[in-house]
Amino acid sequence: MNAVEQVDQSCMVFGGLEGLQADAVNRFVVGEDPAPRALTTEEASQELGDPFATLTLLRGVFPRTPADALAKVAEAAGPGDPLSAQRSFLLGEGSQLADPVSPAARNMRFLVATGSGPEGPDIIVSTDDPDGSFVELMAWDRVRGGFNYYRTVGPEAAWVFAGNSRHALSDPTQGKGPFESHTSGAFLMKELEIPWLHWHSFEAQTPPTVFADGDPRQTHPWFVNKEGAETCETEVALPSLDRWARARFDRIVAEGGELADPERIVAQIVGTPTVNLISSRTESRDPEPDGVVLPPSFFLSSFALVGGQIGLAAPPEFRVPTAVYQATIGQFGYFVSDGEEINQPGDAKFAFVVPERAREDDFALREAIRIGLITPRLAASLLMVDFPNPIFSDRRESLLAHVPESAAIADGTSSFSQDLADTILAAAEAAGAGSPEQEFAERWSVGEAFVEPFNQLIAGYAGAVVARLQTQEGFDDYTRLAASRRERARPMPILSENPAVMPKTNIPEADRHMEQDGTVVENG
Amino acid sequence: MPLLQQFSPPGNAELPDPEGWSARVADELEQFASLPRFFNPLNTEGSPAEHVVKWPAFPAELRQPGVSDQERWELSDSREHQDEYCEWVVERSGDEIVSVTFTTETPEYFDHLLGVEPDRLAALYEELVGERPNPDQLRGSDGGLDATNDFNRATNGTIAHLSETSNTLGAAVRLVAEATVPRARDGKAVVEKKALVRCGGLGNALRNSDPQIAEAVNGLVRGGAAVSVGDPAGLYIDEFLSGGLRTPDGADAAEFWTPAQRGDSGHTMRAVFAVPSGHDYAVSQITSNGRPIRSGGQLADRVRVRVAALSLPSEAEASAEPCVNEGA
């Protein structure tokens, strides 16, 4: 199907849809469908192979609320089926604020998963109200693989099929509709690591008072039986990320190993298509006296580089003295604001919230290595270009210009890594001293035994950072760098819905980057 | 009539001299009889509500944000790091993992056996660790059970019971009891869980367990309740999360988890993860979210531990106390 012209190709386009049929599956894959259209039963059956569709929509059952949607699935699946059991979780950007705000400003949402099996849940629902008319639902397509994305529209809760994970990966649908934020088609849990800022968890409990007195959500089973983000991470998020990444790359092999757009994959290594959020475990209003341990992923791509397929050593602990951290709160005028009601001075509940390299990109990298497309040497050499800037590295991302137009994998191996390296090496001389190409050439030149040389590079850098963290001037610089990364990430679709998702400061906006000697420099 | 006539053995397990055990638990509680919002179910009437607090078995202190998973998993397999009222051991054959055994069974039960029926304790040890000790080999310098004895701390993948210093029933009772004291600093109630732990000296603020228990208990007290420990008093394995565990032959790895090896079906104190016969591979050939299982810590991420507290409405005076540690 050809690309279509639409003024609004974002998620917001769904809110204004008209003419939807309440008793049919309406297909509207942004970029592919010029307008919503009701699928015939035959069309829907051919396209939708997930249990939500097969147990409800394709049987002519159109639930009108999120709770009813999962109830209808459970009823059809029968007692004892994993689809009859639910796990509920709770989050809200305003759920952990120090001072009271109205329940509406807390922006509370439920995430409910059902159908858990070895590969994670089959259906995941996101909604603000179990008994309301709005629901976003993703369900694993057991026939074609990938998650099918649905949402309801309007007071009649008409069901719209908005695409499958694979639509995130190619034109004309990539980056549009739900794939604005689900950039590679994967499940999103942006605060994926301890302490799961914004989520109910063992690190931060969410009391019933986040809802107004008498709000039925206070006593809804999804609230009463809610589980912590630590369980969502283990039982929902990581299995779902793994499931789609594996299916995506298995499909490349199954379809003959020819890859027409390898840049799409390399961009997930060298670029920043999306981010996760991470913070320290320190409660900002009551920090431990022995210092604040900052997330290593602020300083380097720790999840991708350390251990696993690449196998570098873990960096040392990045700890800043408590008094040094606290001095920055006032000096840089930290505040949390949603631009409307929320306007609270101070840092977020957990100190030092920053964007980090997205875990979905780490899963993609791991799978690219597993199927033989990317070698650990290439992955390490790419990630070690401008490694003190694990996200938003224009230097590293510029290497995308050298990615060959196609790639092929056969019997678990590919010449792609060597081809890409050769292309960059060929360009290095002309690119000149200090260029990303020459930096890559240096990294690549250490050969297959890259672990120890790269460990030494990181050790030198980390040592400089650790020393600077002991000084107010040093941590002030890192605070400015963190602010720069926050503001660069803030317009990303995954973060743009609510400004309260990260704290703000009075630090003048500027792009900044980290140097290998641990200093921070404003981009020229 | 009091809520309880007698404390049950942990997990409702068989136990000689149950009266002696009950008296032992009562003694633990009686240490805190002066706390107005902590009660002893043996001498209290009413209809209590039960509150369950759950947490991951993986030691939270090793879970600093952004620390590599591999690093924390490897560290966690040392018993001295396992301080969330759950310990585990990994049985290996060469480089392959054969099984991972988890326990939440506190040493007090075993100490009780050592006191009343040492031979039965020796037999139980033999059942759990595969070697029968002389009971005297289990004693510490005070004549009681040394929880870190060589049979319980062997490195061959066997385990009898909890051994880490803070993994005791007494520590759990103390935490629940002392968490009933409301705390205030500078005239303001201390309610944040980590701050509460530091202020009240309630264990380790970076654990999963201590802050959760402290916050739950303290919240009940601030809401007008008195609190005690549930019966049977103990720590229990609540759940095993199997999502994302992929086996070489497609079998459901949830089936490889065997709970209630000790304790009744509602009070699992010992569970094992192992590949049953009929499947030709080891635990280490199973992947967890795409990564081969190389350590027990990967499975500990998936284990949930729980403790139960009881609450009753109370009008006893419970004024806020200052922090026990002024620097907290």
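The values are calculated or read from the model by the stated rules, or taken from the named source; none is laboratory data. In this text the structure is predicted, and so the values were computed from the model without any measurement. Here the Cβ positions follow ideal geometry from the backbone for every residue, glycine too, while neighbour counts run over all protein chains shown. For the accessible areas, the whole protein counts, side chains as well, though only heavy atoms, and no ligand, DNA or RNA atoms are used. Shrake-Rupley method; radii C 1.70, N 1.55, O 1.52, S 1.80 Å.
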Practice item. For the stretch B:23-46, enumerate the residues that are open to solvent by less than 30 Å² (accessible area, probe 1.4 Å) and assigned to a loop (DSSP other than H, G, I, E, B). Key: B:PHE32, B:ARG37, B:PHE39, B:ASN40, B:THR44
Revision key, fill the gap. Apart from one, (1) without any contact (Cβ under 8 Å) to a residue 60 or more places away in the chain; (2) open to solvent by 20 Å² or more (accessible area, probe 1.4 Å) all hold for B:GLY20; the odd one out is (1)
Revision key, fill the gap. How many residues of the stretch B:58-97 are more than 10 Å from chain A (Cβ to nearest Cβ), in a loop (DSSP other than H, G, I, E, B), under 23 Å from A:GLY308 (Cβ atoms) and touching a residue at least 60 places away in the same chain (Cβ under 8 Å)? The answer is 3
Point to revise | Selection within the stretch B:91-100 - within 13 Å of B:THR155 (Cα to Cα) and either surrounded by 23 or more Cβ atoms within 10 Å (Cβ to Cβ) or under 14 Å from the mean Cα position of the chain (by Cα) (or both) | key: B:VAL100
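Here is a yes/no grid of residues against (1) of a type outside the set (Gly, Ala, Ser); (2) more than 14 Å from B:ARG92 (Cβ to Cβ); (3) over 14 Å from the mean Cα position of the chain (by Cα):
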| site | (1), (2), (3) |
| --- | --- |
| B:SER277 | no, yes, yes |
| B:ASN289 | yes, yes, yes |
| B:PRO292 | yes, no, yes |
| B:GLY296 | no, no, yes |
| B:ARG306 | yes, yes, no |
Check your understanding: In the stretch A:14-37, is there at least one residue being over 30 Å from A:ASN343 (Cα atoms), under 26 Å from the mean Cα position of the chain (by Cα), open to solvent by less than 60 Å² (accessible area, probe 1.4 Å) and of a type in the set (Val, Ile, Thr)?
Key -> yes
Practice item. Considering only residues that are among the small types (Gly, Ala, Ser) and open to solvent by less than 100 Å² (accessible area, probe 1.4 Å), look in the stretch B:127-149 and name the one that is nearest to B:ASN167 (Cα to Cα). Key: B:ALA147
**Study point:** Residue within the stretch B:96-112 that is modelled with pLDDT under 95 and not hydroxyl-bearing (Ser, Thr, Tyr) present
**Key:** no
Revision key, fill the gap. Requiring at least 2 residues that are within 11 Å of chain A (Cβ to nearest Cβ) and in contact (Cβ under 8 Å) with a residue 60 or more places away in the chain, the strands (runs of 3 or more DSSP E) wholly within the stretch B:209-328 are B:236-240, B:303-313
Study note, to complete from the structure: Scanning the stretch A:436-454 residue by residue, those open to solvent by less than 30 Å² (accessible area, probe 1.4 Å) and more than 17 Å from A:GLN418 (Cβ to Cβ) turn out to be A:PRO436, A:GLU439, A:PHE454
Practice item. Go through the stretch B:130-180 and count every residue that is over 30 Å from B:GLY219 (Cα atoms) and outside any loop (DSSP other than H, G, I, E, B). Key: 6
Review point. Say we look at the stretch A:259-313 and pick out the residues that are of a type in the set (D, E, K, R) and either surrounded by 21 or more Cβ atoms within 10 Å (Cβ to Cβ) or closer than 25 Å to A:PHE352 by Cα (or both); which of these is farthest from the other protein chains (Cβ to nearest Cβ)?
Key: A:ASP290
Revision key, fill the gap. Selection from the stretch A:320-368 of residues buried (at least 19 other Cβ atoms within 10 Å of the Cβ), touching a Ser or Thr at 6+ places or on another chain (Cβ under 6 Å) and not small (Gly, Ala, Ser) yields A:THR328, A:PHE332, A:TYR334, A:ASP347, A:PHE350, A:PHE352, A:VAL353, A:GLU356, A:ARG357, A:GLU360
Exercise for review: Please state which one of A:ASP386, A:ASP338 is among the charged types (D, E, K, R), more than 30 Å from A:ALA410 (Cα to Cα) and modelled with pLDDT of 95 or more.
Suggested key: A:ASP386
Exercise for review: Taking B:ALA123 as meeting all but one of (1) touching a residue at least 12 places away in the same chain (Cβ under 8 Å); (2) part of a helix (DSSP H, G or I); (3) open to solvent by 20 Å² or more (accessible area, probe 1.4 Å), write down the number of the exception.
Suggested key: (1)
Check your understanding: Quick check, is B:ALA49 within 14 Å of chain A (Cβ to nearest Cβ), open to solvent by 30 Å² or more (accessible area, probe 1.4 Å) and either at pLDDT 95 or above or touching a Ser or Thr at 6+ places or on another chain (Cβ under 8 Å) (or both)?
Key -> yes
**Study point:** Tabulated pairs, the stretch A:70-82, first under 14 Å from A:ASP50 (Cβ atoms), second modelled with pLDDT of 95 or more and assigned to a helix (DSSP H, G or I), C-beta under 7 angstrom, 6+ apart or interchain
**Key:** A:VAL73/A:PRO51; A:VAL73/A:PHE52; A:VAL73/A:LEU55; A:VAL73/A:LEU83; A:ALA76/A:LEU55; A:ALA77/A:LEU55; A:ALA77/A:LEU83; A:ALA77/A:SER84
Practice item. Tell me, please, whether a residue that is more than 14 Å from chain B (Cβ to nearest Cβ) and open to solvent by 10 Å² or more (accessible area, probe 1.4 Å) can be found in the stretch A:236-246. Key: no
Check your understanding: Do we have A:THR328 as away from chain B (no Cβ under 14 Å) and either within 23 Å of A:VAL466 (Cβ to Cβ) or of a type outside the set (Gly, Ala, Ser) (or both) here?
Key -> yes
Exercise for review: Kindly indicate the residue of the stretch B:187-208 that is part of a loop (DSSP other than H, G, I, E, B) and more than 12 Å from chain A (Cβ to nearest Cβ) and also most open to solvent (accessible area, probe 1.4 Å) among those meeting that condition.
Suggested key: B:GLY187
Review point. Residue check: is A:ILE424 among the aliphatic types (A, V, I, L, M), closer than 20 Å to A:GLU515 by Cβ and crowded, with 20+ Cβ neighbours inside 10 Å?
Key: no
**Study point:** Odd one out for A:GLU180 among (1) away from every other protein chain (no Cβ under 13 Å); (2) closer than 16 Å to A:MET108 by Cβ; (3) of a type in the set (Asp, Glu)
**Key:** (2)
Review point. Which residues, counting only those in the stretch A:96-120, are in contact with a helix residue (DSSP H, G or I) (Cβ under 8 Å, 6 or more places away or on another chain), surrounded by 21 or more Cβ atoms within 10 Å (Cβ to Cβ), in a loop (DSSP other than H, G, I, E, B) and within 14 Å of chain B (Cβ to nearest Cβ)?
Key: A:GLY115, A:SER116
Practice item. With respect to B:HIS112, determine if the residue is under 28 Å from B:ASP210 (Cα atoms) and open to solvent by 30 Å² or more (accessible area, probe 1.4 Å). Key: no
